[in-house]
Amino acid sequence: MQNNNVAKGDALTSSTGPNRVPAVLVLADGSVFRGYNFGASGTTLGEAVFTTAMTGYQETMTDPSYHRQIVVATAPQIGNTGWNDEDNESHHGQIWVAGLVIRDLAHRVSNWRAKHSLAEEMDKQDVVGIRGVDTRALVRHLRNNGSTAAGIFTGADAQRPVEELLAEVNAQPSMKGADLSAEVSTGEVYEVPAIGDTAFTVVAYDLGIKSATPGHFAKRGIRTIIVPANTPFAEIQQFHPDGVFLSNGPGDPATADEMVDITRDVISAGIPLFGICFGNQILGRAFGLDTYKLKFGHRGINVPVINTVTSKIDITSQNHGFALKAPEGETFDTDFGPARVTHLCLNDQTVEGVALVDGRAFSVQYHPESAAGPNDANPLFDQFIELMSAHASAAAK
């Protein structure tokens with residue numbers, strides 16, 4: 001399908017000169033969306049996904065969970081807050097998105113914290129962007145047909161025959177079956193100390209961890225030891241953890257067999273465990289559940305989730321393309337005792353959380369470290385602390 005409409009009203013597309021370097025987004029089904037290049041030039045391939053977040057593009061772009069994904073912003077204007085040094089979610093400020101698709105690029109930066117523009121940071125980190133796209137039409141296409149392989153081509157490449165570009169798009173590896181957590185994980189162990197007195201030590205598996213997470217632990221008196229994905233359980237025992245945390249991350253959870261086995265070791269040892277996002281899928285697999293790829297995933301900061309135990313509803317921040325298959329009944333059997341689904345998405349009934357009934361291992365599909373407008377999910381950190389406190393008290397008797 002050919003779609004040559006550049007979005008009307010894009011403030012920069014009416015200018016002449018270098019601002020009008022042509023670019024094209026090609027989807028695996030042959031759909032074509034034309035626009036203009038910003039950021040780095042060249043070619044980038046990835047899975048086209050959309051986010052409904054109205055703010056926080058810097059946090060989105062530096063979130064390792066977006067590795068190998070071309071992100072389409074539903075918000076019509078991007079770039080007005082520029083780029084700062086405080087909002088990066090990756091450990092070293094790396095942009096992880098494969099590319100960015102937007103409608104309007106802001107004329108100027110208008111935020112007191114900004115160091116430079118979005119386009120400048122993307123150019124610096126060699127991230128390709130396309131602007132002037134009719135993103136309403138594109139997002140509707142992805143919503144109706146599902147997230148799909150895609151490519152952004154700029155300059156002379158944008159003028160090549162679509163058939164050639166389509167062949168490149170379809171030759172890239174599928175996101176289904178992709179084992180990506182080790183690609184974004186830290187290469188070495190590092191520590192984020194507690195602020196003030198240390199109450200507990202937590203070992204956090206970096207499957208694509210966001211920097212805000214150990215920050216929340218630190219504020220609560222938790223010393224966090226961040227370890228690479230797939231670090232054997234025997235190696236983390238040297239830190240004498242009071243709890244283990246499984247982070248968010250990219251890729252297909254069906255490939256994460258090593259982390260599933262490690263998670264089973266942690267639970268068998270009786271150590272309190274808390275997981276989020278990818279960590280929720282890992283814990284679910286450790287319980288014996290299957291996973292599947294969602295049609296277009298959940299990506300945004302306004303996703304309603306109900307706690308099936310308390311009936312409380314939270315507005316959450318999410319970024320995932322895979323989910324757990326819900327078992328039949330209120331509880332289900334695992335090798336560690338009965339477990340239950342604790343949270344469901346109110347939009348589509350997707351599983352959003354699982355836990356052992358005795359409470360010693362629990363996880364959610366969303367991001368409690370993110371401020372999605374409300375801070376509804378933030379108390380999950382306190383729940384983890386309560387679990388570690390109860391475990392420590394029981395061990396002391």
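The values are calculated or read from the model by the stated rules, or taken from the named source; none is laboratory data. In this text the structure is predicted, and so the values were computed from the model without any measurement. Note: ideal-geometry Cβ built from the backbone for every residue, glycine included; neighbour counts use all protein chains shown. The area values use the complete protein model at the heavy-atom level, side chains included, leaving out ligands, DNA and RNA. Shrake-Rupley method; radii C 1.70, N 1.55, O 1.52, S 1.80 Å.
Some points to look at:
- Only the Cβ atoms of Lys and Arg (+1) and of Asp and Glu (-1) were treated as charged; on that basis the dipole of region 200-345 about its Cα centre amounts to roughly 680 debye.
- Distance histogram for region 135-209 (every C-alpha pair counted, 5 angstrom bins, percent rounded to whole numbers): 3, 10, 12, 12, 14, 12, 9, 7, 8, 6, 3, 2, 0
- If R0 is taken as 41 Å, the Cβ-Cβ distance between residue 167 and residue 396 corresponds to a FRET efficiency of 0.05.
- For the chain, share of DSSP beta bridges that run antiparallel, in % to the nearest 5: 60 percent
- Computed FRET value (nearest 0.05) for residue 257 with residue 94, which takes r as the C-beta separation and R₀ as 30 Å: 0.65
- The modelled label-to-label distance for the pair residue 302/residue 43, using points 7 Å beyond Cα in the direction of Cβ, is 3.7 nm.
- The largest-to-smallest principal axis extents of the Cα set in the chain are 76, 45, 37 Å.
- Of all accessible heavy-atom area on region 22-171, the percent that carbon and sulfur account for (1.4 Å): 46 percent
- Rounded to the nearest 20 debye, dipole of the chain from Cβ charges on Lys, Arg, Asp, Glu: 1160 debye
- One chain, two ends: residue 220 and residue 143. Fully extended at 0.36 nm per residue, the span grows by 23.8 nm beyond their Cα-Cα distance.
- Expressed as a whole percent, the proportion of Cα-Cα pairs in region 181-396 lying more than 30 Å apart is 14%.
- Using a probe radius of 1.4 angstrom, the carbon and sulfur fraction of the accessible surface of region 251-397 is 49%.
- For the chain, the solvent-accessible area with a 1.4 angstrom probe is 41 square angstrom per residue.
- Label-to-label distance, nm, for residues given as residue 292 and residue 310 (7 Å Cα→Cβ offset): 3.0 nm
- Rounded, prolate or oblate (a/c below 1.5 giving rounded, otherwise prolate when a/b exceeds b/c) for region 247-319 by Cα gyration tensor: oblate
- Here's the picture: charge each Lys and Arg Cβ at +1 and each Asp and Glu Cβ at -1 in region 181-396, and of 283, 186, 309 the one pushed furthest to the positive end of that dipole is 309.
- From largest to smallest, the equivalent ellipsoid semi-axes obtained for region 22-171 from the alpha-carbon gyration tensor read 24, 15, 14 Å.
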